[in-house]
1. Spelling out what I want: for every residue of the stretch 18-33, take phi, set θ = phi - 60°, compute 6.51 cos²θ - 1.76 cosθ + 1.60 (Karplus), and round to whole Hz; glycine and proline get x.
2. Just to check I understand the Karplus step: with θ = phi - 60° and J = 6.51 cos²θ - 1.76 cosθ + 1.60, what whole-Hz values come out for the stretch 64-79, glycine and proline as x?
3. So what is Rg over Rh here for the stretch 15-134, counting just Cα atoms and using Kirkwood for Rh?
4. Using the Cα centre of the stretch 15-134 as the reference point, and only Cβ charges (+1 on K/R, -1 on D/E), how large is the resulting charge dipole? Debye, rounded to the nearest 20.
5. At a Förster radius of 22 Å, what calculated FRET efficiency corresponds to the Cβ-Cβ distance of Thr94 and Ser119, to the nearest 0.05?
6. Calculate the translational D of the stretch 44-109 in whole µm² s⁻¹ from Stokes-Einstein, where the hydrodynamic radius comes from the Kirkwood formula applied to all Cα pairs, the temperature is 10 °C and the viscosity 1.306 mPa s.
7. Amide H neighbours of Ser113 under 5 Å, counting only residues 5+ apart in sequence or on other chains, H built in-plane at 1.01 Å?
8. Using a 10 Å cut-off on Cβ atoms, rank the peptides 81-88, 32-39 from the highest mean neighbour count down.
Amino acid sequence: MKRMIVPVVAAVGLIGCVFQNMDDGLHALVGQDIRLAINALGYPTGQQPLLSDTVYTWSSVQTFATTTPVTTTTTGVVGRKVVDTTTTTYVPTTGAYACTVQIAADSGNRIKSFQWQGSMAGCAGYANRLKAVAAALHAAASPASASFRAGPTYAPSDDPDRIRSCVGSDGTHLGYLTGSECQSRGGSGS
């Protein structure tokens, strides 16, 4: 009995981690430039204007095939004796792991809101990337790291549109901005 409980508890813990990482990572992106989300999640699979906002969508579907055992018991009479025969056949089954993330950004490219849905296996890739972004944003915003200048590098360092950690002249973290946005606010970025 104890052997059965451990895998079930571990599986529930993994589900919690994936879903928590999705929520934490997406919450951390609210107020940030949409390019940070694009750098973390990759190019969106779609985008759609909605009033004065743009909704970006990322979708992932992974299909799988497996076999499911189906056992049938047949009862018959041989001579005067009742005989049960059990037969197991394996039926091919297909399924899919899916995840969809939608992020709304305002006309200034600032993330306003998000929603997501999917399975643990379908969202695991997005969750891992969002966890890393949330950790970097949290570390950059903590008072102990006022001199923090090295944000996550998702693009070549020569790119002027690369999102980077921006620090004001007084040492306060101004957020993750492009190089030109950081300079316009009087900061320096790495």
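Bear in mind these aren't lab numbers, they're just calculated from the coordinates by the rules spelled out. Since we're looking at a predicted model, the values are computed, not measured. Every residue, glycine as well, gets a Cβ built from its backbone with ideal geometry; the counts of neighbours run over all protein chains shown.
1. 4, 5, 5, 5, 4, 4, 4, x, 6, 4, 5, 7, 4, x, 8, 5
2. Each residue of the stretch 64-79 in turn: 9, 10, 8, 10, 10, x, 10, 9, 10, 10, 10, 10, x, 10, 10, x Hz.
3. On the way: Rg = 23.7 Å, Rh = 17.2 Å.
That ratio equals 1.38.
4. Dipole of the stretch 15-134, to the nearest 20 debye: 360 debye.
5. Values: r = 15 Å, r/R0 = 0.66.
So, using R0 = 22 Å, E works out to roughly 0.90.
6. Values: Rh = 16.8 Å.
This corresponds to a translational diffusion coefficient of 94 µm²/s.
7. Distant-sequence amide H within range of Ser113: Ala104.
8. Details: 81-88: 8.6, 32-39: 21.0.
Ranked from most to least packed, the peptides come out as 32-39, 81-88.
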